[in-house]
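All remarks here apply to the structure that follows.
The values are calculated or read from the model by the stated rules, or taken from the named source; none is laboratory data. As the structure is a prediction and not an experimental result, all values here were calculated from the model. Here Cβ is always computed from backbone atoms with ideal geometry, including for glycine, and neighbour counts include all displayed protein chains.
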Amino acid sequence: MYVVECCDKTWYTGYTTDIIRRIKTHNAKKGAKYTRVRVPVELIYYEEFDTKSEATRAESSFKKLTRGKKEEYILLNLDTNKKQEIKDFNMKIKDK
């Protein structure tokens, strides 16, 4: 499951097996309809799961939260290592 922030500061949540490829797809305006008109997007959070079923369940649960609860969830689950990993992912996403 991943969460990106769009250029208009809204958030989009999805799931993928390849975060870098997926976000590059969003930024190429070939991703979800929602993000096509809100590029560029930037990764702000992600979680890894063992199965697609677990990932889609987490995505669905996360999408049901209010923006405030989503922010709270991310803050509770975002440690220093995860922040660095997200920063590294965003650098790779920006590389052509």
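Which condition number does F49 fail, the rest of (1) farther than 20 Å from K94 by Cα; (2) in a helix (DSSP H, G or I); (3) in contact (Cβ under 8 Å) with a residue 24 or more places away in the chain being met?
Exception for F49: condition (2).
How many of the residues in segment 24-46 are without any contact (Cβ under 8 Å) to a residue 60 or more places away in the chain and more than 12 Å from the chain's Cα centre (by Cα)?
The qualifying residues number 13.
Could you say which residue among R22, R38 is assigned to a loop (DSSP other than H, G, I, E, B) and buried (at least 16 other Cβ atoms within 10 Å of the Cβ)?
Step by step, each of R22, R38 is checked, and only R38 is assigned to a loop (DSSP other than H, G, I, E, B) and buried (at least 16 other Cβ atoms within 10 Å of the Cβ).
State which residue pairs qualify: first residue over 12 Å from L43 (Cβ atoms) and inside segment 67-96, second residue surrounded by 12 or more Cβ atoms within 10 Å (Cβ to Cβ) and not aromatic (F, W, Y) in any location, beta carbons under 7 Å apart, and separation of 6 or more residues or different chains.
Within 7 Å, the pairs are Y73/L65.
Looking only at segment 64-88, which residues are under 15 Å from Y2 (Cα atoms) and not in a helix (DSSP H, G or I)?
K64, L65, L78
Within segment 53-63, is there a residue that is acidic (D, E), within 24 Å of K87 (Cβ to Cβ), within 13 Å of the chain's Cα centre (by Cα) and in a helix (DSSP H, G or I)? Can you show your working first?
Start the filter on segment 53-63 by keeping residues that are acidic (D, E), which leaves 54, 59.
Restricting the remaining residues to those that are within 24 Å of K87 (Cβ to Cβ) gives 59.
The next check asks that each one be within 13 Å of the chain's Cα centre (by Cα); those that pass are 59.
Filter once more, so that each one left must be in a helix (DSSP H, G or I): 59.
Yes, because at least one residue in segment 53-63 is acidic (D, E), within 24 Å of K87 (Cβ to Cβ), within 13 Å of the chain's Cα centre (by Cα) and in a helix (DSSP H, G or I).
Across segment 1-42, what is the number of residues that are farther than 22 Å from T56 by Cβ and modelled with pLDDT under 95?
Number of matching residues: 0.
Restricting attention to segment 45-63, which residues are among the hydrophobic types (A, V, I, L, M, F, W, C) and touching a Leu at 6+ places or on another chain (Cβ under 9 Å)?
First, pick out the residues of segment 45-63 that are among the hydrophobic types (A, V, I, L, M, F, W, C): 49, 55, 58, 62.
Scanning segment 45-63 gives no hits.
Quick check on my filter: what residues within segment 56-77 are touching a strand residue (DSSP E or B) at 6+ places or on another chain (Cβ under 8 Å) and either acidic (D, E) or loosely packed, with under 14 Cβ neighbours inside 10 Å (or both)? Quick ask: steps written out before the conclusion?
Our first condition is that a residue be touching a strand residue (DSSP E or B) at 6+ places or on another chain (Cβ under 8 Å); within segment 56-77, this holds for 59, 62-63, 67, 70, 74, 77.
Passing the criteria: E59, R67, N77.
In segment 26-35, which residues are touching a His at 6+ places or on another chain (Cβ under 9 Å) and part of a loop (DSSP other than H, G, I, E, B)?
Result: A32, single match.
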